[in-house]
Amino acid sequence: MQTDSYILRLPNELVMEVFEHIPEATLLACSTVCKSWRNISIPFVFQKLDVVVRSIDPQGALEDPSWRAYKDLEQTLSSFLHFLQQSPHIAEQIRDLTIEMCHDNMTVAFRYNADADYPAFVDVLRCMPQLRNLMLWNIVFPNRRLDVLASVKLQHLHVFLDGFQRTEDG
C-alpha cells in the first residue's frame, strides 16, 4: 500500500525553503526517492550549472593553439545547446551558469576569441529563460555581440580574464 510522502503534508513554501539549503549530492539522492520528491528536487538540482571547456593541444599539431581553443569552445557550446533543446524542462530551471575555458596557452587564445561570434553561445543564453547570473572565465565576448545580453534578463554578469575581473549588475 502506497501512502503519501510526509513532505507533501508540509506547506509548499516550507518545502521549497528546506530544499533551497540541501547540498547538491543530497538533492540528487532526494530526486530518486519517489515521483513527488523528484518533482520537488529537480528544479534545485539544475539551478546552478558549470560548463568547462578543456582545450588541449596535441603534440605536433599543425593547428594554431588559439584557433583550436576557439573551435573547442564552439563545439562544446553547440553540444550544450543540443542538450538544452532536447531537455527544455532542465533548461528552464537554470538560474546560474558558469562557462570556463581551460587552455594551456590562454594568452594566445584571446587573439581569435576577440573577433569570434560564438553563435551557439547566443542560442544557449536564449534557451534558459530563468538565467539570472552568468560567469565567464577566460572567454572574450565581443562588444558587438553584447546586445544579446540585453535580451537575457541577467542580474549579474561576471567576466574573469587572466586574473582580471569585471562585474556588472542589473
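Across M128, M135, the residue with the most accessible area heads the list, and the full order at a 1.4 Å probe is M135, M128.
Can you compute the FRET efficiency between Q85 and S36 using 1/(1 + (r/R0)^6), with r the Cβ-Cβ distance and R0 = 30 Å? Round to the nearest 0.05. Show your work: numbers first, answer last.
Working: r = 28 Å, r/R0 = 0.93.
It comes to 0.60.
The values are calculated or read from the model by the stated rules, or taken from the named source; none is laboratory data. Bear in mind that the values here come from a model prediction, so they are computed numbers and not experimental data. Heads up, the Cβs are rebuilt from the backbone with ideal geometry, glycines too, and the neighbour counts pull from every protein chain shown. Only protein heavy atoms, including side chains, enter the accessible area calculation; ligands, DNA and RNA are left aside. Shrake-Rupley method; radii C 1.70, N 1.55, O 1.52, S 1.80 Å.
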